Amino acid sequence: MSDIDDQGRIRLVRALRARPSRAQSVVGLLLAALGFAVVTQVHSAQSTGLGELRQADLVRVLDGVSARSARLQSELKSLEQTRARLGSGSGQQQAALAESRARVRTLGILAGTLPATGPGIQLQISGLSSPVRSTVLLDALEELRDAGAEVIQIGPVRVVASTWLRDGDGGIVVDGTLVAPPYVVLAIGDPQTLATALGIPGGVLDVLTQQGAHAVLAQRSELTISALHPLSAPQYARPAPTSAGAP
Amino acid sequence: MIAALGLVVGIVLGLLLEPTVPVWMAPYLPIAVVAALDAVFGGLRALLDGIFDDKVFVVSFVANVLVAALIVLIGDQLGVGAQLSTAVVVVLGIRIFANAAAIRRHLFKA
């Protein structure tokens, strides 16, 4: 075995020392071409670009790129839809919020929890020879409501749906508060209509005059009712569940 | 001696000129290079075995390169160029390993 190996080495050394011949030149030429090709290929492989790829690979790359582009496009579309949905959602929310704020204001004025301002009348009842009965004041109240008074205040008390009147010592009890004469009734509404309603023949003003009271009615283009009705939560009543279609 | 010299000269030339591979040659050059390497290793083994022949080497070298290029060409025409290139590289790689093993046994006695 070692014999053969030694022969191999000897042959190699001998080949390296061989004299130049035509056959050797051809082999050298081929090897030169090989070295050249190897270096060229290594060089081009290191600088891989699309230009080096064959057609099938290019088609694959193009496919991948277009698939990725389509995926990104669909993602962009869904994101834009989400953005539009969120935007319109917040718009609707703001509209709902504004609407409920308006409702809160309206209901607050109706329920007497918010101060109100607007045109109206001021009725002052004074100079009594005999005490004004609460029924007369109640008549005046009903007359004002019929005439479309939106907010009414008697003395320092805001008149709401549950307001009650009672004769008291030295005055009239309104919602538990003793109001002493002179009574001042403020009402917001159309001043002309309110004044007419109170001043009709046989109406509130006439009755008051007959009873010896001195009633002064004044129309105001701007008056403010600042008395508030304390809000108490209903003890028994609850909002009934509304069906989906109900407003 | 001239052969080794030729190899060195070719490498140096390639480094100096930094040529770019022509487009039509791009698919064939790597396979051709591997085929040529196979021929070179085969020739070296034959040299160590004492049966080296210049003519055989030249013919095998050229034939290897041409056949490898032809296989890739046919593969490209059939639409399986990439796979066939891989097959050629695998087969030639196995042959190169076998020849390298024989050369190793000769030179290092192992």
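Taking the criterion of being at the interface with chain A (Cβ under 10 Å from one of its Cβ atoms) and surrounded by fewer than 20 Cβ atoms within 10 Å (Cβ to Cβ), would at least one residue in region B:84-100 satisfy it?
Applying the first criterion (at the interface with chain A (Cβ under 10 Å from one of its Cβ atoms)) to region B:84-100 yields B:85.
Then keep just the ones that are surrounded by fewer than 20 Cβ atoms within 10 Å (Cβ to Cβ); that gives none.
No, there is no match, as no residue in region B:84-100 is at the interface with chain A (Cβ under 10 Å from one of its Cβ atoms) and surrounded by fewer than 20 Cβ atoms within 10 Å (Cβ to Cβ).
Restricting to region B:18-36, count the residues that are open to solvent by 60 Å² or more (accessible area, probe 1.4 Å) and either facing chain A (nearest Cβ under 8 Å) or touching a Pro at 6+ places or on another chain (Cβ under 6 Å) (or both).
Here the count works out to 3.
A:Ala37 - would you say it is within 14 Å of chain B (Cβ to nearest Cβ) and either of a type in the set (Ser, Thr, Tyr) or open to solvent by 50 Å² or more (accessible area, probe 1.4 Å) (or both)?
no
Under 6 Å by Cβ, and 6 or more places apart or on different chains, what pairs join a residue from region B:5-34 that is closer than 17 Å to A:Leu31 by Cα with one that is in a loop (DSSP other than H, G, I, E, B)?
B:Leu29/B:Val21
Need the failing condition index for B:Phe108 against (1) within 12 Å of chain A (Cβ to nearest Cβ); (2) modelled with pLDDT of 85 or more; (3) surrounded by fewer than 15 Cβ atoms within 10 Å (Cβ to Cβ), just the number.
Going through the list (1) within 12 Å of chain A (Cβ to nearest Cβ); (2) modelled with pLDDT of 85 or more; (3) surrounded by fewer than 15 Cβ atoms within 10 Å (Cβ to Cβ), B:Phe108 breaks only (2).
Do you know which residues across region A:137-172 are buried (at least 19 other Cβ atoms within 10 Å of the Cβ) and over 28 Å from A:Thr106 (Cα atoms)?
A:Ile172
Can you name the number of the only condition in (1) away from every other protein chain (no Cβ under 11 Å); (2) on the phi > 0 side of the Ramachandran plot that B:Ala69 fails?
(2)
What's the number of the condition B:Asn64 fails, among (1) surrounded by fewer than 15 Cβ atoms within 10 Å (Cβ to Cβ); (2) over 23 Å from A:Gly8 (Cα atoms); (3) more than 10 Å from every other protein chain (Cβ to nearest Cβ)?
All conditions are met except number (1).
What are the residues in region B:72-101 that are farther than 13 Å from B:Asp38 by Cβ and in contact (Cβ under 8 Å) with a residue 24 or more places away in the chain, if any?
Hits for region B:72-101 are B:Val72, B:Leu73, B:Asp76, B:Gly81, B:Ser85.
If I ask for residues that are more than 9 Å from chain A (Cβ to nearest Cβ) and either closer than 26 Å to A:Val27 by Cα or open to solvent by less than 30 Å² (accessible area, probe 1.4 Å) (or both), which ones from region B:74-83 would you list?
Quick first cut of region B:74-83, residues more than 9 Å from chain A (Cβ to nearest Cβ) only: B:74-75, B:77-78, B:80, B:83.
B:Gly75 - this is the single residue of region B:74-83 that is more than 9 Å from chain A (Cβ to nearest Cβ) and either closer than 26 Å to A:Val27 by Cα or open to solvent by less than 30 Å² (accessible area, probe 1.4 Å) (or both).
Name, by its number, the condition in (1) more than 23 Å from A:Gln7 (Cβ to Cβ); (2) among the acidic types (Asp, Glu); (3) over 13 Å from the mean Cα position of the chain (by Cα) that does not hold for B:Asp38.
In the conditions (1) more than 23 Å from A:Gln7 (Cβ to Cβ); (2) among the acidic types (Asp, Glu); (3) over 13 Å from the mean Cα position of the chain (by Cα), B:Asp38 misses (3) alone.
Taking region A:117-151 as the search range and keeping residues that are hydrophobic (A, V, I, L, M, F, W, C) and touching a residue at least 60 places away in the same chain (Cβ under 8 Å), which one is farthest from A:His229 (Cα to Cα)? Step through it out loud before you land on a result.
At the first step, the residues of region A:117-151 found to be hydrophobic (A, V, I, L, M, F, W, C) are A:121, A:123, A:125, A:128, A:132, A:136-138, A:140-141, A:144, A:147, A:149, A:151.
Still in the list and also touching a residue at least 60 places away in the same chain (Cβ under 8 Å): A:121, A:123, A:125, A:128, A:132, A:136, A:140, A:151.
On the way: A:Ile121: 20, A:Leu123: 20, A:Ile125: 23, A:Leu128: 28, A:Val132: 24, A:Val136: 22, A:Ala140: 20, A:Val151: 11 Å.
Among those residues, the one meeting the criterion is A:Leu128.
In the list A:Ala187, A:Ala215, A:Ala227, A:Ala197, which residue meets the criterion of being more than 15 Å from A:Val136 (Cα to Cα), touching a residue at least 40 places away in the same chain (Cβ under 8 Å), surrounded by 17 or more Cβ atoms within 10 Å (Cβ to Cβ) and in contact with a helix residue (DSSP H, G or I) (Cβ under 6 Å, 6 or more places away or on another chain)? Spell out the reasoning first.
Working: A:Ala215 fails: more than 15 Å from A:Val136 (Cα to Cα); A:Ala227 fails: in contact with a helix residue (DSSP H, G or I) (Cβ under 6 Å, 6 or more places away or on another chain); A:Ala197 fails: more than 15 Å from A:Val136 (Cα to Cα).
Sole residue among the options that is more than 15 Å from A:Val136 (Cα to Cα), touching a residue at least 40 places away in the same chain (Cβ under 8 Å), surrounded by 17 or more Cβ atoms within 10 Å (Cβ to Cβ) and in contact with a helix residue (DSSP H, G or I) (Cβ under 6 Å, 6 or more places away or on another chain): A:Ala187.
Do we find that A:Ser2 is among the small types (Gly, Ala, Ser), out of contact with any helix residue (DSSP H, G or I) (no Cβ under 9 Å at 6 or more places or on another chain), more than 30 Å from B:Ile2 (Cα to Cα) and at pLDDT below 85 in this structure?
On the way: among the small types (Gly, Ala, Ser): yes; out of contact with any helix residue (DSSP H, G or I) (no Cβ under 9 Å at 6 or more places or on another chain): yes; more than 30 Å from B:Ile2 (Cα to Cα): no; at pLDDT below 85: yes.
Criteria not met by A:Ser2.
The values are calculated or read from the model by the stated rules, or taken from the named source; none is laboratory data. All values derive from a computational prediction rather than experimental measurement. When we count neighbours, we look across all protein chains shown, and the Cβ atoms used for this are built from the backbone with ideal geometry, even at glycine. What goes into the accessible areas is simple: the full protein's heavy atoms, side chains included, and nothing from ligands, DNA or RNA. Shrake-Rupley method; radii C 1.70, N 1.55, O 1.52, S 1.80 Å.
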